[in-house]
Amino acid sequence: MRHIAIIGSGPAGYYTAEAAQKQWGDDIRVDIFDALPVPYGLIRTGVAPDHQSIKGVSRRYEKTALTDNVRFVGNVAIGKDITIGELQELYDAVVLATGAPNDRQLGIPGEELGNVFGSAAFVGWYNGHPQFAGLAPDLSGKHAVVIGMGNVALDVARIMAKTAEEFAGSDIVGHALDALTSSGIEQITIMGRRGPHQIMMTPKELGELGHLNTASPRVDKSDLPDETEDAFLEPGIRKSVTHLRSFAAIPEDIHAEKPVEVEFDFYANPVALEGEGNVSSVKVERTEVEKGRAIGTGEFYSVPADVVIACIGYRTSPIPDVPFDERAGRFANDEGRILTGLYCVGWARRGPSGTIGTNRPDGYSLIEKIAEDMDAGLLGRIGKAGREGFDALASTRGIDVVTFQDWKKIEEAETAAARDGAPREKFTDIEAMIRAAN
Ligand code: NAP
């Protein structure tokens, strides 16, 4: 019998477990650890609450979770309850599927001002992540600035622009629903340092901005490159640019009917956040794009900002003694191999790119590598103690493990507490989750 420990119960973790089952069937035991008492990582706390169909993929992970050879080991923090070294003693392979939970920094003056947040914190707040549930952003001002032109920026702008009715059927947490639907925000500026041809937004997600009840997207026609140049774009981006062109064609009387404006500010490189105590504006340098790169023009202007959300990407949390690529913000690895017996997968391996589905081939290809290493004798010839060894250690340490069956009780309590039409009302604090599990 072989034993694999996977750290992180998000998409990368569960697809890797699924692949291990396919590879070895009954000859494998997989323990999926999570620091939280609840599974699914980004599916629960990253994917937008109004994108329930994407969250539906957790049903597939549940199938994997409910098999005898895969176990959820929740409420166990690596580095606090148990070290990576100890896990390596117990398991034949240890896989880091820890994602990229930390915000990249803008690295500009004023970043420390009040009401400036990274997207991990802000998204975590409206999705009820225990670490960020207490964020309490002040949304009473008129102007919000969202920095970055990726799908996370779109999520954040859309969530700030929606009305209470538009959250029907979502699992946005109550504290965020109240704050967002009573906010004073009238202008949301999505700020990108490059142009319309360099956006990272996918067409379906961008198109949603055109269908909001009380908000309309505004694109300045003069920012759009000549239409003939769209032909050179990769098809997905070309479709996204088509949406930008249709936003630029929205007539003024339609804008006038909608009190909230979501404005695209292209060629806008934020160079400082300004204000006293709280942020009040973003200082921007106008750019030109040359060979795909943003070059400053020396022209500066100011954009009013009562709240700023930087959606500029994420970094993996380093772990002591695990080689880390500082520049890329992820574990140093060769196709998922970090050190003998220690692997990474998903965002922890490749950085924060791709969709949920990208993690499936990632997980399957990592299991192929682990199988190669096993066959080559690199992981020893006989299996290690695995879950029995962990259970013995957990009981001597008094670690309060939350099992998948416990999670089902938490889930039941969240479903029972749901608002009308909502799938669940999430617990946002760990103690409450554990009480529900017991
Ligand atoms: P992203 O797609 O990499 O976009 C990051 C954006 O931040 C880019 O526009 C980038 O501009 C900008 N940026 C980076 N550093 C900056 C700086 N210092 N100043 C100004 N702008 C800066 O990342 P993301 O939006 O965080 O998304 C992460 C991944 O999750 C992506 O693969 C995304 O597609 C995926 N995701 C998918 C969905 C969905 O499918 N519904 C939803 C959310 C997220 P430059 O290009 O100029 O660097």
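The values are calculated or read from the model by the stated rules, or taken from the named source; none is laboratory data. Since this is a predicted model, take the numbers as computed values, not measurements. Every residue, glycine among them, receives a Cβ derived from its backbone with ideal geometry; neighbour counts consider all protein chains shown. Side chains are part of the model used for accessible areas, which takes the heavy atoms of the whole protein and leaves out ligands, DNA and RNA. Shrake-Rupley method; radii C 1.70, N 1.55, O 1.52, S 1.80 Å.
If you take every DSSP beta bridge fully contained in the range 158-292, what fraction is antiparallel? Give it as a percent rounded to 5. Display every interim value, and only then the final one.
Values: 6 of 15 bridges.
Among the beta bridges of the range 158-292, antiparallel pairing accounts for roughly 40 percent.
Can you list residues from other chains, or at least 5 along the same chain, whose modelled amide H is less than 5 Å from the amide H of TYR343?
VAL94, VAL95, LEU96, ILE338
Return the whole-Å distance between the Cα centroid of the range 203-234 and the Cα centroid of the range 239-318.
Between the Cα centres of the range 203-234 and the range 239-318 lies a distance of 14 Å.
Two decimals is fine: what's Rg over Rh for the chain, C-alpha atoms, Kirkwood radius as Rh? Spell out each step's value before the answer.
Numbers: Rg = 23.0 Å, Rh = 23.1 Å.
Here Rg/Rh amounts to 1.00.
If I take all pairs of Cα atoms in the range 354-396, what percentage of them are more than 15 Å from each other?
On the way: 571 of 903 pairs.
Here the tail beyond 15 Å accounts for 63 percent of pairs.
When ligands, DNA and RNA are left out and all protein chains stay put, how many square angstrom of accessible area per residue does the range 354-438 have with a 1.4 Å probe? Don't skip to the answer; put the middle values down first.
Values: 4630 Å² over 85 residues.
So the range 354-438 comes to 54 Å² accessible per residue, rounded to a whole number.
Of the heavy-atom accessible surface of the range 22-141 (probe 1.4 angstrom), what whole percent is carbon and sulfur?
Working: 2240 of 4610 Å².
Solvent-exposed carbon and sulfur of the range 22-141 make up 49 percent of the total.
Search the structure for amide H atoms under 5 Å from the amide H of TYR314, placed 1.01 Å from N in the peptide plane, and list their residues when 5 or more places away or on another chain.
Counting only residues 5 or more places away or on other chains, the set is ARG104.
How many Å³ per residue does the convex hull of the Cα positions in the range 140-191 occupy?
Numbers: hull volume 3.8 nm³, N = 52.
Expressed per residue, the convex hull around the Cα atoms of the range 140-191 is 74 Å³.
In units of 2.2 N^0.38 Å, what is the alpha-carbon radius of gyration of the range 236-301? Let's see the in-between values first.
On the way: Rg = 15.7 Å, N = 66, 2.2 N^0.38 = 10.8 Å.
Scaled against compact globular proteins, the figure is 1.45.
Please state the relative contact order of the chain as a whole percent: Cα pairs under 8 Å, 6+ residues apart?
Computed over the chain, the figure is 24 percent.
Jot down the per residue volume, in cubic angstrom and as a whole number, of the convex hull over the alpha-carbon atoms of the range 154-226. Could the numbers behind the result be given before it?
Details: hull volume 8.4 nm³, N = 73.
Cα-based convex hull of the range 154-226, divided per residue, equals 115 Å³.
What's the ranking of 403-414, 119-130 by average number of surrounding C-beta atoms within 10 Å, highest first? Walk me through the numbers on the way to the answer.
Numbers: 403-414: 17.4, 119-130: 23.4.
Peptide ranking by packing, descending: 119-130, 403-414.
What value in Å³ per residue do you get for the convex hull of the alpha-carbon atoms in the range 227-367? Before the final figure, lay out the partial values.
Working: hull volume 28.4 nm³, N = 141.
Enclosed volume per residue, from the Cα hull, is 201 Å³.
What's the ranking of 147-154, 377-384, 338-345 by average number of surrounding C-beta atoms within 10 Å, highest first?
Numbers: 147-154: 24.2, 377-384: 12.4, 338-345: 22.2.
Averaged packing, sorted descending, gives the order 147-154, 338-345, 377-384.
Provide the three semi-axes, in whole Å and in decreasing order, of the ellipsoid equivalent to the range 1-46 as defined by the square roots of 5 times the Cα gyration tensor eigenvalues.
So the three semi-axes of the range 1-46 are 22, 11, 6 Å.
Please say if the range 200-262 is rounded, prolate or oblate, where rounded means a/c under 1.5 for a ≥ b ≥ c the square roots of the C-alpha gyration tensor eigenvalues, and otherwise the choice is prolate for a/b larger than b/c and oblate otherwise?
Details: a/c = 3.20, a/b = 1.65, b/c = 1.94.
Since a/c reaches 1.5 but b/c is at least a/b, the shape of the range 200-262 is classed as oblate.
Over 27 Å between C-alpha atoms is what I'm after, so list which of LYS369/LYS408; LYS384/LYS408; LYS142/LYS239; LYS221/LYS291; LYS55/LYS162; LYS63/LYS162 land there. If you can, show how the numbers build up before the last one.
Working: LYS369/LYS408 33 Å; LYS384/LYS408 30 Å; LYS142/LYS239 31 Å; LYS221/LYS291 22 Å; LYS55/LYS162 19 Å; LYS63/LYS162 34 Å.
Over 27 Å apart, Cα to Cα: LYS369/LYS408; LYS384/LYS408; LYS142/LYS239; LYS63/LYS162.
Where Lys and Arg each count +1 and Asp and Glu each count -1, what net charge lies around GLY79 among other residues with Cβ under 13 Å from its Cβ?
Net charge in that neighbourhood comes out at -2.
Report the full-extension gain for the segment GLU412 to GLU335: residue separation times 0.36 nm, less the Cα-Cα distance, to one decimal in nm.
Residue separation times 0.36 nm, minus the Cα-Cα distance, leaves 23.8 nm.
Could you provide, to the nearest whole Å², the per residue accessible area of the range 239-288 with probe 1.4 Å? Before the final figure, lay out the partial values.
Details: 2300 Å² over 50 residues.
Roughly 46 Å² per residue, with all protein chains present.
Would you kindly derive the ³J(HN,Hα) couplings of the range 135-142 from the backbone phi angles with the Karplus curve 6.51 cos²θ - 1.76 cosθ + 1.60 (θ = phi - 60°), listing them in order in whole Hz, with x for Gly and Pro?
Values per residue, Gly and Pro as x: 4, 6, x, 8, 10, 7, x, 8 Hz.
For VAL38, which sequence-distant residues (separation of 5 or more, or a different chain) have an amide H within less than 5 Å of its own amide H, given hydrogens modelled in the peptide plane?
ASN75
What does the net charge come to around GLY389 if you take all other residues with beta carbon closer than 14 Å to its beta carbon, with K and R at +1 and D and E at -1? Kindly include the intermediate steps, with their values, before the conclusion.
Details: positive: ARG2, ARG29, ARG71, LYS384, ARG387, ARG397; negative: ASP31, GLU86, GLU89, ASP92, GLU388, ASP391.
Taking every other residue near GLY389 into account, the sum is 0.
What fraction of the DSSP beta bridges in the chain is antiparallel, stated in percent and rounded to the nearest 5?
Around 35 percent antiparallel, to the nearest 5.
Report the Cα centroid-to-centroid distance between the range 364-438 and the range 1-54 in angstrom, as an integer.
Each part reduced to its Cα centre gives a spacing of 8 Å.
Specify which residue in the list THR358, VAL303, GLY336 is farthest towards the positive end of the charge dipole of the range 301-438, using unit charges on the beta carbon of Lys, Arg (+1) and Asp, Glu (-1), about the Cα centre.
GLY336
Can you give me the accessible area per residue for the range 103-202, using a 1.4 Å probe, in Å²? Working shown, then result.
Values: 3400 Å² over 100 residues.
Heavy-atom SASA per residue in the range 103-202 reads 34 Å².
Rounded, prolate or oblate: which one fits the range 333-415, using the alpha carbon gyration tensor with axes a ≥ b ≥ c (rounded when a/c is under 1.5, else prolate when a/b beats b/c, else oblate)? Kindly include the intermediate steps, with their values, before the conclusion.
Values: a/c = 2.55, a/b = 1.21, b/c = 2.10.
Since a/c reaches 1.5 but b/c is at least a/b, the shape of the range 333-415 is classed as oblate.
What nm value, rounded to one decimal, do you get for the distance between THR228 and ILE295 when each label is placed 7 Å out toward the C-beta?
Distance between label points: 2.3 nm.
Pull out a ≥ b ≥ c, the square roots of the eigenvalues of the alpha-carbon gyration tensor of the range 70-140, then state rounded if a/c is under 1.5, prolate if not and a/b is larger than b/c, and oblate in the remaining case. Mind showing how you got there, number by number?
Values: a/c = 3.38, a/b = 2.17, b/c = 1.56.
Cα axes put the range 70-140 in the prolate bin.
Divide by every residue of the chain the summed helix terms, -39500 (n - 2.57) for each DSSP H run of at least 4, and state the resulting mean residue ellipticity at 222 nm, rounded to the nearest 500 deg cm²/dmol. List each step's numbers first, then the result.
Values: 16 runs with 143 residues, N = 438.
The helix contribution divided over the chain gives -9000 deg cm²/dmol.
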